[in-house]
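A short write-up of the structure that comes next.
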Amino acid sequence: MRIAMISEHASPLAVLGTIDAGGQNTHVAALAQALGARGHDVRVYTRRDAVELPERVAFAANVEVAHVPAGPARPVPKDELRPFMEPLGDWLASRWQAEGWIPDIIHAHFWMSGVAALRAADPWRLPVVQTFHALGVVKRRHQGAADTSPPERLNDERMLCQRLTGVVAQCRDEIRELRRLELAPEKVTLIPSGVDLVRFQSTGPAAPRSQRRRVIAVGRLVERKGHADLIRAMCRVPDAECVIIGGPVLAELDDDPVARELRALATQLGLADRVRLTGQIPAEQMPHWYRSADVLVCPPWYEPFGLTPLEAMACGLPVVATAVGGHTDTVAPGITGDLVPARDPDALGRTIQDLLSDGVRHRAYSRASLRRVRTRYGWDHCATRMESMYRRIAAHTLTEVTA
Ligand code: UDP
């Protein structure tokens with residue numbers, strides 16, 4: 001199949017862990033690669049955010065990444081990109097027309113890409129499927145006035161739910177949210193994200209560690225990721241160290257307001273010698289860090305899906321996570337890890353401490369994590385399901401267009 005993916009702000013080529021680059025970039029990269037490896041002709045369209053970027057990059061077998069004009073060719077926060085989506089859609093349609101490369105299906109990632117995708121699809125009535133990755137209604141509920149999303153977001157998401165051919169939900173919690181947006185149930189397919197089981201394994205090099213037990217957390221340094229709750233929780237986990245990975249590179253952490261707040265909090269609680277911020281770690285070194293730890297803690301206030309539990313589990317690490325979003329599907333409580341209420345540092349601390357002091361349970365969780373991730377969350381699994389959904393939707397659309 002000819003598959004056009006649009007991921008307007010999240011390039012598969014981006015550096016992960018920075019402000020607008022995380023799970024979506026990893027997801028788009030791995031999905032495109034897995035589909036290309038199956039012989040599909042995949043083109044990923046992402047915004048040109050630097051003048052020197054090449055127009056096209058051969059990314060993997062049968063996968064090309066194209067840098068497309070959508071707004072100025074410099075970094076722009078994703079919340080400012082909405083005005084460029086219709087022009088992006090028009091640009092894509094004329095590019096496909098000029099090249100005679102008309103996709104069989106368009107897969108949009110993030111709501112704004114959906115707006116561009118519908119526009120690009122229009123001349124040929126192409127089918128458009130969407131992965132939201134995050135929903136504006138959920139963000140608004142949790143962040144209230146602090147939500148910097150453009151005002152169109154909520155209406156656009158409702159409009160997309162009406163007009164899209166299909167929607168990929170990544171977890172059951174997202175299905176519930178999509179129903180509230182009045183998405184017709186027959187449009188939804190549940191396909192969780194995958195994890196790279198070759199890169200993330202329980203054996204291999206590990207980052208250096210001390211005698212102390214190690215708790216790690218991985219994520220962008222934004223408030224809703226709950227790092228402050230974890231630091232508070234560490235008061236209940238004596239003698240363990242807490243390593244927080246993500247944000248700008250180490251040399252620039254002093255300039256990061258969230259990093260400064262987290263360090264100040266650790267100092268105020270007398271934990272400065274047990275809390276360490278590493279800054280951004282290159283993606284290829286992430287398995288080393290998971291393998292160096294005793295537990296991954298995922299403390300966000302909300303989390304649309306969350307790739308890090310899968311990465312950690314693939315390295316044989318139990319996960320203690322807040323009972324939000326994708327965590328309630330990926331973490332099997334009492335089997336591979338534990339779930340705790342969000343924004344409750346006491347409960348979080350007690351749960352981490354209980355697990356770290358129970359070697360038998362820790363080993364059992366570790367073995368069960370490996371089993372769970374291998375049987376359910378390999379990329380091959382995800383790509384197979386995505387492929388059959390594309391085929392079903394493309395065949396259906398063809399019948400409708402020719403009828
Ligand atoms: N990541 C990384 N280096 C870092 C921090 C994060 O490579 O310093 C990666 C991490 O391994 C994962 C992704 O960024 O693949 C984060 O994805 P997740 O879904 O957990 O969170 P998001 O950032 O999308 O909210």
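Within segment 348-370, which residues are without any contact (Cβ under 8 Å) to a residue 40 or more places away in the chain and under 28 Å from the mean Cα position of the chain (by Cα)?
If the condition is that a residue be without any contact (Cβ under 8 Å) to a residue 40 or more places away in the chain and under 28 Å from the mean Cα position of the chain (by Cα), then 351, 363, 364, 368 are the ones that fit.
Among the residues of segment 240-247, are any over 20 Å from the mean Cα position of the chain (by Cα) and either more than 16 Å from residue 319 (Cα to Cα) or more than 16 Å from the ligand (Cβ to nearest atom) (or both)?
Yes, there is a match, as at least one residue in segment 240-247 is over 20 Å from the mean Cα position of the chain (by Cα) and either more than 16 Å from residue 319 (Cα to Cα) or more than 16 Å from the ligand (Cβ to nearest atom) (or both).
Matching residues to (1) at pLDDT below 95; (2) farther than 24 Å from residue 386 by Cβ; (3) in contact with a strand residue (DSSP E or B) (Cβ under 7 Å, 6 or more places away or on another chain):
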{"position": "4", "(1), (2), (3)": "no, no, yes"}
{"position": "19", "(1), (2), (3)": "yes, yes, no"}
{"position": "26", "(1), (2), (3)": "yes, no, no"}
{"position": "46", "(1), (2), (3)": "no, no, yes"}
{"position": "85", "(1), (2), (3)": "no, no, no"}
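Go through (1) within 16 Å of residue 209 (Cβ to Cβ); (2) more than 25 Å from the chain's Cα centre (by Cα) one by one and return the number of the condition residue 271 breaks.
(1)
If I filter segment 281-297 down to residues being within 19 Å of residue 196 (Cβ to Cβ) and part of a loop (DSSP other than H, G, I, E, B), which single residue comes out as nearest to the ligand (Cβ to nearest atom)?
281
Does any residue of segment 257-276 turn out to be of a type outside the set (S, T, N, Q), within 9 Å of the ligand (Cβ to nearest atom) and either in a strand (DSSP E or B) or not assigned by TED's automatic domain parsing to the domain that holds residue 177 (or both)?
Checking segment 257-276: not a single residue is of a type outside the set (S, T, N, Q), within 9 Å of the ligand (Cβ to nearest atom) and either in a strand (DSSP E or B) or not assigned by TED's automatic domain parsing to the domain that holds residue 177 (or both).
Quick one: which helices (runs of 4 or more DSSP H) sit completely within segment 306-377 and have at least 3 residues that are more than 23 Å from residue 196 (Cβ to Cβ)?
345-356, 359-376
Out of the residues in segment 307-348 meeting the condition of being among the hydroxyl-bearing types (Ser, Thr, Tyr) and more than 12 Å from the ligand (Cβ to nearest atom), tell me which one is nearest to residue 291 (Cα to Cα).
Taking the candidates together, the pick is 336.
The values are calculated or read from the model by the stated rules, or taken from the named source; none is laboratory data. A quick note: this is a predicted structure, and the numbers were derived from the prediction, not measured. In this analysis, Cβ positions are derived from the backbone assuming ideal geometry, glycine residues included, and neighbour counts consider all displayed protein chains.
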